[in-house]
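The values are calculated or read from the model by the stated rules, or taken from the named source; none is laboratory data. Keep in mind the model is a prediction, meaning the values are calculated, not measured. Neighbour counts run over all protein chains shown; Cβ positions are idealised from the backbone, glycine included. Ligands, DNA and RNA are stripped out before the accessible areas are found, and what is left, the full protein with its side chains, is counted by its heavy atoms. Shrake-Rupley method; radii C 1.70, N 1.55, O 1.52, S 1.80 Å.
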Amino acid sequence: LPIVVEAFEVEIIPANSIAAQIGGTLILTCRATGCASPTFFWRPQTDKPLGGIVTTNGLYSNLTMNPVSTENSESYLCTVFCEQEKKEKSVKVELYSFPSDPIIEISSSFVAGKPVTIICKIPDVYPADHLEVLLKKGEHVLHEKSFHESDSTKTETKNLTYSFNPMAEDMGKEITCVAKLPIPYMDFEPKERVSSKKLNANFGPQNTIITASPGNSLMEGDSLKLTCLTESNPSPQIVWRKHLAGESIQHLIKSNVLFIPHAHFNDSGLYICEVINLVTNKTEKESVDIVIRGAPIITGLSIEPSTTVQEGENVSIQCFAESNPPPKIILRRKFDRGDMGPYSAGSILLPSVTFLNGGDYECVAENKFGNRTREITLNVEYGPKNTMISVFPATAVKEGGTVMMKCTSSGNPSPVISWKKKNANGESEKIFKNATLTIQNLRSQDLGLYECEAYNQFGKEQKAVELFVQARLENADQMLPLIIAFSSVTAVAVPVVAILIYVSRKAKINGSYSLVKALRLKV
C-alpha cells in the first residue's frame, strides 16, 4: 500500500474573527498538522505590543489575553515554520463591553404634580456609538436616545435623563430602561439588557406594631421572638433598644426581628422598636414590656477573703440569686449530721472566725416555681488544740509489762505528733514520731518524763506524762507492780512526786510497801 503523507497545514481557532468582552479572558489557538516539530511565532499585524502571553505545547500554541483591553483590538498573525517551510494564519479580534443591566435612579420623592427626574445609567459600554437606550413608563415610551456621536476608544458609562410631572395614577407603575448594543459584524450575547423600577411614593413610617412570640410573658429558658412591623417607603432602618436601670438605653440590633433563643431573667424589661425612614426623615417608635418568670437561679455563692482562711480572720459568706418573682434566699450552716444551723437572708458575717466555724454552708433560693441549692466549704486553718495523752492499760500492770501512750490533738492542717523523753541531764531527746508510743518489757530505764508535741505551720502544743514503777507490796499475795502516769502541760505536780519518792524509798528499805498506807500518812 502507498504511504500517505499528511500535508503541512496551519489553522487558528477561532478562525477569521472573534468578539471579545473587555475585561474578560480570550485564548487564541494556533495548530499545526503534517509537521513533527513546528516552531510558532505570534505578532500583531500593526506595530503594537503583543498584549498577551504565549504558551506552546507540541503541535499547539496559545496566545492568552487576560484581561482583554482596548489594546487587543487587533489582527493577530500566527507564523509556523516546519523545517524549510513557512505558513501563516491570522484572526481579527473585535472588542465590545456590555457587562451589566442598566441602573435606574429616581432623583426625588414621588409627590403628585411635582417633577420627577429619572436617570438610566448604562455602565462600562463599548463601543458607545452603537448604544441605543429606551425609557418607558408601563407600555408608554417616555424617551429614547442613540449615542452615534460617541467616538471614545475606551469603555464609558452613558446616561439617559428624563424629567416629567407624575400624576396620582402613576403610583406603582413600572419605569423600564431598555439598553441595546446592536453591532451587526460581531457575534456576542446579550445585545439587549433591561431593568425596571416601580414609581413609588415615599412615606412613613406609620402604623408600627410589635408582635411577641410566644407572648410578652414567658418562662425562663423559653425562646422569645420580637418582630417589628411598619409601613414605610423606602424600607426603613429598624433599631431595637432596651430600657435599663437608671433610664439608660441599651442598643441591641439593627433588624426588624429580635430573637432570644433562651430567655433569662435579666431579659425582662421594656423593649423599644425605633423605625427611621431616611428619605422622609421621619421616625416612629413602639414598645413592649417583656416579663420572664421561673424558678430561681443562684448567680453567686462566695466566701471572702477566701474559702481557706486562718483562725482569727474576718469572714463574709454571701449568696446571690435572681428570679421572677424575686426569690427568698436562705444561707445557713450545714452540719455533718444533716441538720441546718442558724441562717440569714443572703449573707453571714463571721468576725474573728474560729475552727468551730469551718464546714459546709448551703444557699437555698426559692419561689413558687421551684428552688435551687448550692453549697460551699469554709476551711479554717489553725494551730494544734486540745492535745491529750492517754495511757493504757488504765489499771496497774506488772513490771516487765507493756505500756501504750497515745497522743491526740486537733488542728488544720492535721498536726504532726512526735514524742520526746527527758534524759538524766534534764534535756529532751526526740525518740519517736507517731501518735502512739508503745513500750514493751517495761524496765527501770524506761521511767521518766515523756513529752508529746503536736505541731503544724500555725503553732504547736505540748503535753507530758511521767512513768513511775512501784516495786513489791508488803503482802506477797498483794504484789502488784504499778505504773502511775501523771499528765500535765510541763511537769507532774510536786506533792504527788514527793509521795511517790517516799513510797519508793520505803520499798527499798522494807522490800515491799503499801502505797495506800503511804498515801494515808502523807494525806
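Filtering region 165-192 down to residues that are within 56 Å of the chain's Cα centre (by Cα) and open to solvent by 90 Å² or more (accessible area, probe 1.4 Å), which residue is farthest from LYS114 (Cα to Cα)?
Checked region 165-192; the qualifying residue farthest from LYS114 (Cα to Cα) is GLU189.
Restricting to region 143-159, count the residues that are at pLDDT 90 or above and over 15 Å from GLU132 (Cα atoms).
1
Can ALA20 be described as over 58 Å from the mean Cα position of the chain (by Cα), at pLDDT 90 or above, open to solvent by less than 60 Å² (accessible area, probe 1.4 Å) and among the hydrophobic types (A, V, I, L, M, F, W, C)?
Values: over 58 Å from the mean Cα position of the chain (by Cα): no; at pLDDT 90 or above: yes; open to solvent by less than 60 Å² (accessible area, probe 1.4 Å): yes; among the hydrophobic types (A, V, I, L, M, F, W, C): yes.
Taking the combined requirement at face value, the residue does not satisfy it.
Taking region 211-225 only, how many residues are in contact (Cβ under 8 Å) with a residue 40 or more places away in the chain and either part of a strand (DSSP E or B) or within 25 Å of the chain's Cα centre (by Cα) (or both)?
Qualifying residue count for the region: 9.
Provide a single number: the residues in region 238-250 that are part of a strand (DSSP E or B), open to solvent by 60 Å² or more (accessible area, probe 1.4 Å) and farther than 17 Å from ILE292 by Cβ.
Residues that pass the stated criteria total 2.
For SER352, state whether it is outside any loop (DSSP other than H, G, I, E, B), of a type outside the set (D, E, K, R), open to solvent by less than 70 Å² (accessible area, probe 1.4 Å) and modelled with pLDDT of 90 or more.
Spelling it out, it is not the case that SER352 is outside any loop (DSSP other than H, G, I, E, B), of a type outside the set (D, E, K, R), open to solvent by less than 70 Å² (accessible area, probe 1.4 Å) and modelled with pLDDT of 90 or more.
Looking only at strands (runs of 3 or more DSSP E) that lie completely in region 272-324, which have at least 3 residues being open to solvent by less than 50 Å² (accessible area, probe 1.4 Å) and touching a residue at least 12 places away in the same chain (Cβ under 8 Å)? I'd like the intermediate steps shown before the answer.
Working: elements: 282-304, 308-310, 315-324.
The qualifying strands (runs of 3 or more DSSP E) are 282-304, 315-324.
Return the total of residues in region 226-245 being without any contact (Cβ under 8 Å) to a residue 24 or more places away in the chain and under 13 Å from GLN206 (Cα atoms).
Selection size over region 226-245: 1.
Filter region 416-430 for residues that are at pLDDT 85 or above and hydrophobic (A, V, I, L, M, F, W, C); which is least open to solvent (accessible area, probe 1.4 Å)?
That would be TRP419.
Just to be sure before I move on: is LYS87 among the basic types (Lys, Arg) and in contact with a Phe, Trp or Tyr (Cβ under 7 Å, 6 or more places away or on another chain) in the structure I sent?
yes
In region 37-52, which residue that is open to solvent by 80 Å² or more (accessible area, probe 1.4 Å) and in a strand (DSSP E or B) is farthest from LEU77 (Cα to Cα)?
Only one residue fits best here, namely PHE41.
Any residue in region 194-210 that is assigned to a loop (DSSP other than H, G, I, E, B) and under 46 Å from the mean Cα position of the chain (by Cα)?
yes
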